[in-house]
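One structure below.
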Amino acid sequence: MNGFWDFEFTGRVMPDLLSGLLVTIQATVLGYVIALALGLLIAVVRRAPFLGAIVHFLMEFIRTTPLVIQLVFVFALAPSTVSVFTIGVVVLGVHYAAYTAEVYRSGIEGVAKGQWEASKALSLPVSRTWGAIVLPQAIRKVIPALGNYLIAMFKDTPLLFAIGVVELLAMAQQVGSASFRYVEAFTMVGFLFLLVSIPSAIAIRRLEKRYAAV
Amino acid sequence: MEFLIEQWPRFLEGAWLTIQLTLGGIVLAFVLAMFFGILGTVNHWLPRAAATVYVEVFRGIAALVVMYWLIYALPVATGFQLEDLFAAILALGLNVGAYGAEVVRSSINAVPKAQVEATVSLNMSWPQRMRLVVLPQAWAQMLPTFGNLVVELMKATAVVYLVSLHDLSWVADDLRRLSGETIPVFLVAFALYYLIAQALIFGVRLLERRANHKLGRTPPSGGGLIGLLRPPAVGAKVGVAK
């Protein structure tokens with residue numbers, strides 16, 4: 001009965017693990033949307049003289065402190081009406097916004113000076129300069145780098161476990177402790193992670209070729 | 001405030017464990033990164049395949065998952081129980097080592113081809129070529145990205161509090177439960193993490209400066225030690241570290 005690997009058990013817990021994987025993917029995607037939008041906002045605001053310096057310090061602070069403890073911190077302060085999933089997604093998104101902002105910044109700084117000058121010469125309004133000239137060129141160049149952070153975020157979602165989001169790892173812990181078959185549970189978690197992250201890494205490499213890496 | 005001063009030694013104990021985990025992880029990750037990174041540049045498919053498998057597997061699985069596997073699954077599978085601290089360092093080292101191996105591999109490949117051709121014409125053996133020509137140049141290239149990885153590793157050590165190792169995060173969470181003073185307790189913990197990170201970044205920049213100096217390249221900013229605290233010139237590199 002107690003073989004090294006129980007296939008019947010593995011098959012039985014697979015639906016549970018897959019539902020955990022679904023939560024993991026949902027958290028990743030929603031968090032990524034926040035990271036992309038907020039990161040862009042930060043990258044633009046950072047160019048302002050005074051506000052920029054404050055935002056820069058905050059970003060540096062978020063980037064050099066661990067995500068887990070940020071999660072626990074917000075979890076402890078948030079009112080109990082907010083779901084742990086929401087907290088997890090928001091903290092994950094804000095944490096990674098500090099990274100994507102740097103990526104956007106490098107893209108924005110890579111836009112040739114002549115482009116700025118030309119928009120000025122045409123007396124385009126600021127919104128058109130950013131929206132039609134600078135950002136389309138800047139973002140195109142950093143798409144592969146942004147993609148890398150999607151994978152990085154996916155691999156950080158197990159940390160949501162710390163505040164009680166039942167994602168893949170938490171699910172494995174549950175089915176593992178119920179039956180004491182940790183080998184199958186955690187090995188399958190590793191396998192499922194690879195199943196998602198290796199194809200996405202290949203996809204990013206394709207993107208890199210297409211958009212000629214930065 | 002009094003509470004914080006009273007509990008200060010506990011913060012330091014936690015920070016000390018975090019530092020130990022970080023340094024242990026750095027040593028292991030560095031050895032693995034160098035080994036598999038160099039393996040990835042060898043002109044034979046077998047070592048290259050081994051390096052690829054290592055990199056893709058451990059880059060693809062979160063360090064926390066590896067740590068859980070080592071702590072919960074390994075004893076059931078093999079009957080060996082690793083010490084928690086050791087399992088944590090192993091998981092962190094394996095994970096960051098995989099990222100590092102890619103950095104090592106690409107830095108070695110980025111050394112100009114003429115340098116390698118010169119060593120061939122000087123009849124240098126492979127170890128001589130690596131030690132005297134290729135690695136010193138690749139090293140200067142690796143260091144900036146290593147700096148990012150070192151900070152990532154330090155941050156990743158916080159996951160050990162989920163397996164009840166008493167690191168800085170665990171102490172912060174414990175004191176929060178004890179006192180209910182979430183904000184001051186966590187601000188101290190965040191500040192300590194921030195300081196550790198800045199110290200690590202400073203150390204790597206020192207190494208960077210030394211490596212460039214040895215190659216006869218002048219440091220870009222000058223400005224003595226204080227200059228190292230400033231971030232490097234913009235546009236130098238894009239955040240593709242992860």
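Here are the numbers for the structure shown:
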{"read-out": "Those residues of the stretch A:106-117 which are open to solvent by 50 Å² or more (accessible area, probe 1.4 Å) and either of a type in the set (A, V, I, L, M) or modelled with pLDDT under 90 (or both), in sequence order", "value": "A:Ala112"}
{"read-out": "Selected residue (criterion: surrounded by the fewest Cβ atoms within 10 Å (Cβ to Cβ)) from residues of the stretch B:72-106 that are at pLDDT below 90 and within 10 Å of chain A (Cβ to nearest Cβ)", "value": "B:Thr78"}
{"read-out": "Selection from the stretch B:185-203 of residues that are open to solvent by 20 Å² or more (accessible area, probe 1.4 Å) and among the β-branched types (Val, Ile, Thr)", "value": "B:Val188, B:Ile196, B:Ile201"}
{"read-out": "Residue in the stretch B:53-64 that is in a loop (DSSP other than H, G, I, E, B) and more than 10 Å from chain A (Cβ to nearest Cβ) present", "value": "no"}
{"read-out": "The stretch B:48-71: number of residues that are more than 15 Å from A:Leu192 (Cβ to Cβ) and open to solvent by less than 30 Å² (accessible area, probe 1.4 Å)", "value": "7"}
{"read-out": "Boolean, B:Lys155 is over 20 Å from B:Phe35 (Cα atoms), out of contact with any Gly (no Cβ under 9 Å at 6 or more places or on another chain) and open to solvent by less than 20 Å² (accessible area, probe 1.4 Å)", "value": "yes"}
{"read-out": "Qualifying helices (runs of 4 or more DSSP H) (wholly inside the stretch A:3-87; at least 3 residues being open to solvent by 70 Å² or more (accessible area, probe 1.4 Å))", "value": "A:7-45, A:49-64"}
{"read-out": "Scope the stretch B:172-184; condition more than 9 Å from chain A (Cβ to nearest Cβ) and surrounded by 13 or more Cβ atoms within 10 Å (Cβ to Cβ); matching residues", "value": "B:Asp174, B:Leu175, B:Ser179, B:Glu181, B:Pro184"}
{"read-out": "So A:Thr129, is it of a type in the set (Val, Ile, Thr), at the interface with another protein chain (Cβ under 7 Å from one of its Cβ atoms), assigned to a helix (DSSP H, G or I) and open to solvent by 10 Å² or more (accessible area, probe 1.4 Å)", "value": "no"}
{"read-out": "Hits in the stretch A:162-195 (condition: open to solvent by less than 40 Å² (accessible area, probe 1.4 Å), more than 7 Å from chain B (Cβ to nearest Cβ) and part of a helix (DSSP H, G or I))", "value": "A:Ile163, A:Leu168, A:Ala170, A:Met171, A:Ala172, A:Val175, A:Glu184, A:Ala185, A:Met188, A:Leu192"}
{"read-out": "Residue in the stretch A:107-122 that is within 27 Å of B:Asp173 (Cα to Cα) and either among the charged types (D, E, K, R) or within 11 Å of chain B (Cβ to nearest Cβ) (or both) present", "value": "no"}
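The values are calculated or read from the model by the stated rules, or taken from the named source; none is laboratory data. As the structure is a prediction and not an experimental result, all values here were calculated from the model. Every residue, glycine as well, gets a Cβ built from its backbone with ideal geometry; the counts of neighbours run over all protein chains shown. Side chains included, ligands, DNA and RNA excluded: accessible areas come from the protein's heavy atoms. Shrake-Rupley method; radii C 1.70, N 1.55, O 1.52, S 1.80 Å.
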